[in-house]
1. Of all residues in region 81-96, which are surrounded by 13 or more Cβ atoms within 10 Å (Cβ to Cβ) and of a type in the set (D, E, K, R)?
2. Count, please, the residues in region 52-82 that happen to be out of contact with any strand residue (DSSP E or B) (no Cβ under 7 Å at 6 or more places or on another chain), within 21 Å of residue 29 (Cα to Cα) and without any contact (Cβ under 8 Å) to a residue 40 or more places away in the chain.
3. Out of the residues in region 38-56 that are charged (D, E, K, R) and assigned to a loop (DSSP other than H, G, I, E, B), state the one that is modelled with the highest pLDDT.
4. Name the single residue, out of those in region 7-21 being exposed (fewer than 13 other Cβ atoms within 10 Å of the Cβ) and part of a helix (DSSP H, G or I), that is modelled with the highest pLDDT.
5. Which one of these is part of a strand (DSSP E or B), surrounded by 10 or more Cβ atoms within 10 Å (Cβ to Cβ) and at pLDDT 85 or above: 59, 78, 35?
Amino acid sequence: MADAAEIGGLVVVGASKGGFAALRHLLAALPGDFAWPLAIAQHRADQRETGLREMLDRAGALRVVEPEDKDLIRAGYAYLAPAGYHLLVARRIPMP
């Protein structure tokens, strides 16, 4: 797996509570072999399960996931910030 620097970049998308339709439209327009990963921050009312990830995952060819701490960024994926959290993207530092 590559980090964002090795891939060439990262597309960052922010949306307010009313942004679901725009996110769905964006994801529907992108091919599954889109060269850059997406990081999505969508404002949500609270932390209860809404099914947002699943709905966005069905919108297009990119796989939509809620990342875990220290997950590597890969092309072909859209990373949705979990409810109540931000996304922090950092360059991977090789271990000696």
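1. Selection gives 92 alone.
2. Adding up the residues that qualify gives 6.
3. 44
4. Applying the filter and picking the extreme gives 21.
5. Result of the check over 59, 78, 35: 78.
The values are calculated or read from the model by the stated rules, or taken from the named source; none is laboratory data. Only a predicted model underlies this, so the values are computations on that prediction, with no experimental measurement involved. We place every Cβ from the backbone using ideal geometry, glycine too, and count neighbours over all the protein chains shown.
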